[in-house]
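The values are calculated or read from the model by the stated rules, or taken from the named source; none is laboratory data. Source: prediction; values computed, not measured. Reconstructed Cβ throughout: ideal geometry from the backbone, glycine too, with neighbour counts over all protein chains shown. Note: accessible area is taken over every heavy atom of the protein model, side chains too, but ligands, DNA and RNA are not part of it. Shrake-Rupley method; radii C 1.70, N 1.55, O 1.52, S 1.80 Å.
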Amino acid sequence: MLGVLADWFQSVDDFPWLDIPYCILMAVFLREHKGSIKFAVNHPLASLVILILYVQANVICVHLLLGLPLVACLNNAWDSLTAVICWWGVFFCPGDLFFKAVQIKPIQMAIRIICEARHARLVMHACQEGNQLFPQHATIIVLCGVVDGSAVRLMMSLDRKIRGDSACEHDGDNELKQVTEVTKASFVLGLFNAGILLGKIPLSPAEGVVVGALFMIALLLNNILLGRHDPFIPIQGAFWKVVCSKHQKVE
């Protein structure tokens, strides 16, 4: 069964089935920022550049980590064109029809599920890229997965610089200060993918992507249906309690 799902998902092209929902999700995410509509109206080019940075964040961050050309993010013109269309639809569609449509609960849920599956696929691709350049180097493989998975959160710092409100930064907006669930999940995926690529886990990369996608979707459903956010907190708390037991958090 896992092999059948792996073969099917591997046959699904990134564009349009995965990339379009992701561009929509990122455009909606950008619009939810405080003052984003006013900023888009007053500075449309800057707003569009921010969205393209979000859409291409994983390529930019992973290539920066591995010392590869950053312009590779422009290799697929369809991604950038899709980002432009989604940006216009979310911010400037007459009557706000596009934004209202993608906010309908079933459509919103479908988009988020597709994006979680895409997340798992891209993390595996990043791990494979790291393994090709640094064969059998587990640390780099895992790091590639973490950086790829958390790329959008890391890109938010540059977003704030472009919008000129970096002085409003707080812990929740800085991934290095307050690690979010997506980064922790990407770390788990990175470890899992490293085990596959190093031959420690008897699965193919395609099967690993399916398992990773199911893991990410399970986390999403846990948050939406059960209202439980960040299931890694108990593990994280226990770890830091052991490692840093001598010191208490300074307020």
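A few remarks follow.
- Contact map, segment 216-239: first residue open to solvent by 60 Å² or more (accessible area, probe 1.4 Å), second residue acidic (D, E), Cβ cut-off under 9 Å, separation 6 or more or different chains; pairs are H229/E181; I233/E181; Q236/D230.
- Extreme residue, most open to solvent (accessible area, probe 1.4 Å), among residues of segment 57-90 that are small (G, A, S) and assigned to a helix (DSSP H, G or I): A77
- Test result for V188, modelled with pLDDT of 90 or more, open to solvent by 40 Å² or more (accessible area, probe 1.4 Å) and of a type in the set (V, I, T): yes
- Residue that is nearest to A206 (Cα to Cα) [pool: residues in segment 1-24 that are outside any helix (DSSP H, G or I) and either modelled with pLDDT of 90 or more or within 19 Å of the chain's Cα centre (by Cα) (or both)]: V12
- Leading residue by the ranking (farthest from A138 (Cα to Cα)) among those in segment 198-212 that are of a type in the set (A, V, I, L, M) and surrounded by 23 or more Cβ atoms within 10 Å (Cβ to Cβ): V210
- Pairing each residue of segment 16-29 that is under 10 Å from Y54 (Cα atoms) with any residue that is polar (S, T, N, Q) and open to solvent by less than 30 Å² (accessible area, probe 1.4 Å), provided the two are 6+ apart or on different chains, yields C-beta distances under 8 Å for C23/T82.
- A126 being under 24 Å from L191 (Cα atoms), open to solvent by less than 50 Å² (accessible area, probe 1.4 Å) and either modelled with pLDDT of 95 or more or out of contact with any Pro (no Cβ under 9 Å at 6 or more places or on another chain) (or both): yes
- Residue check for V90: aliphatic (A, V, I, L, M) and at pLDDT 95 or above: yes
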